[in-house]
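Trainee: First, the structure itself, so that you have it in front of you.
The values are calculated or read from the model by the stated rules, or taken from the named source; none is laboratory data. Values in this document were obtained by computation on a predicted structure and should not be read as measured data. Ideal geometry is used to build each Cβ from the backbone, glycine not excepted, and the neighbour counts take in all protein chains shown.
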Amino acid sequence: MKKKKKTRILFLANIPKADKRSVGGATMLSKKILDFLQKKEDLDLTHYQFRKNWKPKFQIIDFFILIVKMPFIIRKYDVVSIHSTPDMNLTIGPILVTIAKIFNKKIVYHFFGGNFYEQYKSAPKFVRKMVNNTTFKANFVFFETKQLLNHFATHSSTNMIWLPNSRDKILDRIPKRSYNKKFVFISRVIKEKGIDLILETFEKLDSSYTVSIYGPIPPNSYRIQDLTKRNCFYKGILAEEEVIDVLLENDVLLLPTYFDGEGYPGIIIESLSVGMPVISSDWKAINEIISNGYNGLLCLPKNPDSLLKQILQLNKENYPRFSKNAWTSFEGFNAEKVFNKILVSYLS
């Protein structure tokens, strides 16, 4: 019997490297998608890293090199799969799509995050037209949020698809949880992720409430002593394999973010996967994954009083319901089901 020919995929994406600046939501998700696809026997997949150097502005050099090399690289592949970060959406992204079209390749284009609509609307008219005639003419376009999907639903691509941030299902059953007022923050320790709001809010709570803070601290921002006061404790940077254990040790995730590039924060998805309720801000598309009063609570962005009010709503009586609903709602973000959408786009 003749062996079935594999579909050859050029997977263009940044994944985490040794440089700590390469670690972020988009690169981590790219790595998870890549790991999933590399296990599929129908695919012959080659990964190409967009950025070789993570120093500021050096991506310009990397992008230029890729554009020059692309016509020579692309020839042997059936599908060009582009996983685009915000710095690429209005620059190298449309150029790569154009080159792929010249060589008559199937094109799959994946937007990370939730702020492309703002990028698009603020761009000059000729840039928007360029995106319409290149990126939105790809065979498949994936958006992380339903909000983005709705914004661009009238464009000419026939295959615009929701592809939420996702995580592997680690546990087969919901863990036993109780409410002990133990909160946790796991993200980059920057103002826009709500750190100042957390610090201010915990000044108003009694000593029975604690919050553990995990994540990288950018240079010239916070000192460790700034993050270790009034029941707040900075505990360093977690390795990827440590995150689930830390979530299981705590009761509630805090993420009062107002970060411009926010899509579906991966740490929220991971919290749902272990039945952990989330208190976050009603910001961008977060209300698509956290339903206020169901699997968590939403506070007003940049409002410490609103954050305090939502923290105080949780108690031992209502916590089990929030936890059960968090566990149930994770199924929509199960990586096995979500990433299969990409596989289908390659093989259809």
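Trainee: How many residues are part of a helix (DSSP H, G or I) and surrounded by fewer than 23 Cβ atoms within 10 Å (Cβ to Cβ) when one looks only at segment 274-287? Full working, then the answer.
Mentor: Within segment 274-287, the first condition is being part of a helix (DSSP H, G or I), and the residues that meet it are 286-287.
Restricting the remaining residues to those that are surrounded by fewer than 23 Cβ atoms within 10 Å (Cβ to Cβ) gives 287.
The qualifying residues number 1.
Trainee: In segment 298-314, which residue that is out of contact with any Ser or Thr (no Cβ under 8 Å at 6 or more places or on another chain) and not in a loop (DSSP other than H, G, I, E, B) is nearest to residue 240 (Cα to Cα)?
Mentor: 310
Trainee: Separate question: Would you point out the residue of segment 227-266, among those that are β-branched (Val, Ile, Thr) and buried (at least 18 other Cβ atoms within 10 Å of the Cβ), that is farthest from residue 87 (Cα to Cα)? Don't jump to the end; show me each part of the working.
Mentor: Taking segment 227-266 and keeping what is β-branched (Val, Ile, Thr), we get 228, 237, 243-244, 246, 252, 257.
Narrowing further to those that are buried (at least 18 other Cβ atoms within 10 Å of the Cβ): 243-244, 252, 257.
On the way: 243: 28, 244: 30, 252: 33, 257: 21 Å.
So the residue we want is 252.
Trainee: Looking for whichever is in contact with a strand residue (DSSP E or B) (Cβ under 8 Å, 6 or more places away or on another chain) and more than 20 Å from residue 146 (Cα to Cα) here; the options are 298, 312, 308, 347. Which one fits?
Mentor: Values: 298 fails: more than 20 Å from residue 146 (Cα to Cα); 312 fails: in contact with a strand residue (DSSP E or B) (Cβ under 8 Å, 6 or more places away or on another chain); 308 fails: in contact with a strand residue (DSSP E or B) (Cβ under 8 Å, 6 or more places away or on another chain).
Answer to the check: 347.
Trainee: State which residue is surrounded by the fewest Cβ atoms within 10 Å (Cβ to Cβ) when the search covers only segment 125-176 and only residues that are among the aliphatic types (A, V, I, L, M) and under 30 Å from residue 240 (Cβ atoms).
Mentor: First, the residues of segment 125-176 that are among the aliphatic types (A, V, I, L, M): 127, 130-131, 138, 141, 148-149, 153, 160-161, 163, 170-171, 174.
Filter once more, so that each one left must be under 30 Å from residue 240 (Cβ atoms): 141, 148-149, 161, 163, 170-171, 174.
On the way: 141: 25, 148: 24, 149: 18, 161: 16, 163: 23, 170: 11, 171: 13, 174: 15.
Per the criteria, the residue is 170.
Trainee: Additional query: So if I check each of 257, 228, which one is more than 16 Å from residue 171 (Cα to Cα), touching a residue at least 60 places away in the same chain (Cβ under 8 Å) and among the hydroxyl-bearing types (Ser, Thr, Tyr)? Write out each step before concluding.
Mentor: Details: 228 fails: touching a residue at least 60 places away in the same chain (Cβ under 8 Å).
Answer to the check: 257.
Trainee: For the list (1) on the phi < 0 side of the Ramachandran plot; (2) surrounded by fewer than 23 Cβ atoms within 10 Å (Cβ to Cβ); (3) out of contact with any Phe, Trp or Tyr (no Cβ under 8 Å at 6 or more places or on another chain), I need the number of the one condition that residue 293 fails.
Mentor: (1) is the only condition that residue 293 fails.
Trainee: Another question about this same structure. Residue under question is residue 306, and the condition is that it be of a type in the set (S, T, N, Q) and closer than 27 Å to residue 86 by Cβ; does it hold? Steps first, please.
Mentor: Details: of a type in the set (S, T, N, Q): yes; closer than 27 Å to residue 86 by Cβ: no.
Spelling it out, it is not the case that residue 306 is of a type in the set (S, T, N, Q) and closer than 27 Å to residue 86 by Cβ.
Trainee: When you check residue 290 against the structure, is it in a loop (DSSP other than H, G, I, E, B), β-branched (Val, Ile, Thr) and assigned by TED's automatic domain parsing to the domain that holds residue 256, yes or no? Outline the logic, then answer.
Mentor: Working: in a loop (DSSP other than H, G, I, E, B): yes; β-branched (Val, Ile, Thr): yes; assigned by TED's automatic domain parsing to the domain that holds residue 256: yes.
Yes; evaluated as a whole, the condition is true for this residue.
Trainee: Can I ask one more? Restricting to segment 121-147, count the residues that are touching a strand residue (DSSP E or B) at 6+ places or on another chain (Cβ under 7 Å), closer than 26 Å to residue 287 by Cα and not β-branched (Val, Ile, Thr).
Mentor: Quick first cut of segment 121-147, residues touching a strand residue (DSSP E or B) at 6+ places or on another chain (Cβ under 7 Å) only: 135, 138-144, 146.
Subsequent filtering for residues that are closer than 26 Å to residue 287 by Cα retains 140-144, 146.
After this cut, where a residue has to be not β-branched (Val, Ile, Thr) as well, the list is 140, 142-144, 146.
Number of matching residues: 5.
Trainee: In addition: Restrict the check to segment 70-87 and report whether at least one residue is farther than 26 Å from residue 163 by Cα and touching a residue at least 60 places away in the same chain (Cβ under 8 Å).
Mentor: For segment 70-87, residues farther than 26 Å from residue 163 by Cα and touching a residue at least 60 places away in the same chain (Cβ under 8 Å): present.
Trainee: Hey, can you tell me all the residues within segment 30-49 that are within 20 Å of residue 263 (Cβ to Cβ) and in contact with a Ser or Thr (Cβ under 8 Å, 6 or more places away or on another chain)?
Mentor: Listed by number, the list holds a single entry, 32.
Trainee: Return yes when residue 329 is outside any loop (DSSP other than H, G, I, E, B) and either over 20 Å from residue 177 (Cα atoms) or among the hydrophobic types (A, V, I, L, M, F, W, C) (or both) and no when it is not.
Mentor: Numbers: outside any loop (DSSP other than H, G, I, E, B): yes; either over 20 Å from residue 177 (Cα atoms) or among the hydrophobic types (A, V, I, L, M, F, W, C) (or both): no.
For residue 329, the condition - outside any loop (DSSP other than H, G, I, E, B) and either over 20 Å from residue 177 (Cα atoms) or among the hydrophobic types (A, V, I, L, M, F, W, C) (or both) - is not met.
Trainee: State whether one or more residues within segment 204-226 are modelled with pLDDT under 95, among the hydroxyl-bearing types (Ser, Thr, Tyr) and crowded, with 17+ Cβ neighbours inside 10 Å.
Mentor: yes
Trainee: Within segment 1-27, count every residue that is among the aliphatic types (A, V, I, L, M) and either surrounded by fewer than 15 Cβ atoms within 10 Å (Cβ to Cβ) or over 16 Å from the mean Cα position of the chain (by Cα) (or both). Quick ask: steps written out before the conclusion?
Mentor: As a first pass, look at segment 1-27 and keep what is among the aliphatic types (A, V, I, L, M): 1, 9-10, 12-13, 15, 18, 23, 26.
Cutting the leftovers down to either surrounded by fewer than 15 Cβ atoms within 10 Å (Cβ to Cβ) or over 16 Å from the mean Cα position of the chain (by Cα) (or both) gives us 1, 9-10, 12, 18.
Residues in segment 1-27 being among the aliphatic types (A, V, I, L, M) and either surrounded by fewer than 15 Cβ atoms within 10 Å (Cβ to Cβ) or over 16 Å from the mean Cα position of the chain (by Cα) (or both): 5 in total.
Trainee: Please determine whether any residue of segment 20-27 is touching a Lys or Arg at 6+ places or on another chain (Cβ under 6 Å) and not in a helix (DSSP H, G or I).
Mentor: In the first step, residues of segment 20-27 are kept if they are touching a Lys or Arg at 6+ places or on another chain (Cβ under 6 Å); the result is none.
No - not one qualifying residue is present in segment 20-27.
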